[in-house]
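Down below is the structure, laid out as structure tokens.
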Amino acid sequence: SSFSMYAVTLSSALFLLEKYACAVSVAAAGVILGWPFSILVFLPVTVYSLFRGHFKRVFLSGLLTSLCLLVLSVVADYYSYGRWTSSVFNLLKYNVLGGGESHLYGTEGATFYFRNAFNNFNFAFVLALLFVGVALSARKNYAPDLLIVVSPIYIWLAFMSLQAHKEERFLYPIYPLICVAAASVVDSFPYFFYDKYANEQSIFEKIAKGLRPLILGFILCTSHSRTFSMLNGYGAPLQIYQHLEYHEDTGPGSILCVGSEWHRYPSSFFVPSYISEVRWIDDGFRGLLPIPFNETLGGTTAAPSYFNNKNKASDKQYLKDIGACNLLMELDLRRPYPSRGNDLSTWETL
């Protein structure tokens, strides 16, 4: 998602700079190396680049880039999996023709992305949605090109809102476009009061120009507040794993067990070297979770039986013997499954 976001940013910028062949090549990289479904985000820029630029050169640029990257991808897949396959086409086939049950990891209503985008961008998101009405009405000379660039906001929001399973990261590709659309709307404010027959600026035009830095300042302050609120209110998963460094007395080869907090497990980089394994314990979740890598099965070329194409939980993903856990990471949310850390005869609260 993040790589696609960077590619969207660069491709859109190249399009505005009228470097159409480069814009299409970057779009191809964003789709093949990043996220195949982001092709919907790149579609407007790609199509218009073909018509505005030298069609043959732009087409060949995109085609050659796509072929080179697909070949590299297939070679990398062969090296990793020991057989000829394409992870790009496998992903499309799996999701389009049916396979995984992503709803196991949560479903949301149609307004989820709108609420989430407002949380992250506050009034900048509202301004971005108003782009078609405001920026185009202002008839700025750059508005038609920007409409092509920011149109994926509407396409992507509509497409993603129709999917049952929703995640914030799915919106990443259009994050830069939201900023561009909002900035364009703010820039257009004075034009509504512009009188092309008058020699001097009207008082309303001056007020509109003065409002621009105030609006931007308000958006920036609100955005920073959101950032600080996230760090302060949701930083516990990062902070708590840092405390593991001070408990080496549990001994080398310790096992860290994680219950309901599996989805907030940050990274193995946060786990000290004295911990040999991180294992999940059954806390009621019925989706497939990562399982410790087993080199004896054949390395990356193996297809262990406990993986399945329905995302259904496997018994092998859980550590059955809770007594083998030296450390337990748990958040008590009064769920149906027992909060094991409450048993103070077994556990010491750190």
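The values are calculated or read from the model by the stated rules, or taken from the named source; none is laboratory data. These figures come from a predicted structure and were not determined experimentally. Counting neighbours? That spans all protein chains shown, and the Cβs are built from the backbone with ideal geometry, glycine included. Surface accessibility is based on the protein's heavy atoms, side chains included, excluding ligands, DNA and RNA. Shrake-Rupley method; radii C 1.70, N 1.55, O 1.52, S 1.80 Å.
For the range 199-235 and the range 313-350, compute the distance between their C-alpha centroids and round to whole Å.
46
Tell me, what % of the accessible area of the chain is carbon and sulfur with a 1.4 angstrom probe?
62
Strictly under 4.7 angstrom between C-beta atoms: which cysteines of the chain have no such partner?
So far as the 4.7 Å Cβ criterion goes, 22, 68, 179, 221 stand without a partner in the chain.
Kyte-Doolittle mean at least -1.0 and Cα extent at least 24 Å along the axis: which DSSP H helices of the chain qualify?
Once both thresholds are applied, what remains is 55-81, 203-234.
Under 20 Å between alpha carbons, and skipping anything fewer than 8 positions from residue 93 in its own chain: which aspartates and glutamates qualify?
Partners within reach: 77, 101.
Rank 254, 87 by accessible area, highest first, at a 1.4 Å probe radius? Display every interim value, and only then the final one.
Details: 254 0, 87 50 Å².
The ordering from most to least exposed comes out as 87, 254.
For 167, 295, write out the residues from largest to smallest accessible area, computed with a 1.4 angstrom probe and no ligands counted. Could you put the intermediate results ahead of the total?
Details: 167 50, 295 140 Å².
Of 167, 295, the descending order of accessible area is 295, 167.
To the nearest 10 square angstrom, how much accessible area does residue 3 have with a 1.4 angstrom probe?
100
Ignoring ligands, DNA and RNA, what accessible area per residue does the chain give at 1.4 Å, in Å²?
Working: 20750 Å² over 350 residues.
For the chain, the per-residue accessible area is 59 Å².
Taking a spot 7 Å from the Cα of residue 246 along the direction of its beta carbon, which residues of the range 326-350 have an amide N less than 13 Å from it?
350
Would you mind listing how long the range 106-244 runs along its three principal axes, going by Cα atoms, in whole Å with the largest first?
Here the Cα extents, ordered largest to smallest, are 69, 33, 21 Å.
Suppose the Debye formula is applied to equal point scatterers at every Cα of the range 1-100; what is log10 I(q)/I(0) at q = 0.14, 0.23 Å⁻¹?
-0.54, -1.13
D for the range 247-349, whole µm²/s, Stokes-Einstein with Kirkwood Rh over alpha-carbon pairs at 4 °C and 1.567 mPa s: what number? Write out the running numbers ahead of the final one.
Working: Rh = 15.1 Å.
Rounded, D is 86 µm²/s.
At what distance in nm do the modelled label points of residue 43 and residue 204 sit from each other, each positioned 7 Å from its Cα along Cα→Cβ?
Roughly 3.9 nm, to one decimal.
Which value, in Å² and to the nearest 10, is the accessible area of residue 257 when all protein chains are kept and the probe is 1.4 Å?
Ignoring ligands and nucleic acids, residue 257 comes out at about 0 Å².
At 1.4 Å probe size, put 165, 224 in order of accessible surface, largest to smallest. Present the calculation step by step, with values, prior to reporting the outcome.
Details: 165 20, 224 105 Å².
Result of the area sort, largest leading: 224, 165.
Putting +1 on Lys and Arg Cβ atoms and -1 on Asp and Glu Cβ atoms, find which of 339, 237, 23 reaches farthest to the positive end of the dipole of the chain.
Projecting each Cα onto the dipole axis, the largest value belongs to 23.
Going from the alpha-carbon gyration tensor of the chain, what semi-axes, largest first and in whole Å, does one get by taking the root of 5 times each eigenvalue?
For the chain, the ellipsoid semi-axes come out as 46, 30, 17 Å.
For a quick size check, give me the Cα extents of the range 39-89 along its three principal axes, largest first, whole Å.
43, 21, 10
Quote to one decimal, in nm, the extra length available between residue 308 and residue 161 on full extension: 0.36 nm per residue of separation minus the C-alpha distance between them.
Roughly 50.2 nm would be gained on extension.
What does the accessible area of residue 350 come to, in Å² to the nearest 10, when a probe of 1.4 Å is used?
My reading of the accessible area for residue 350 is about 130 Å².
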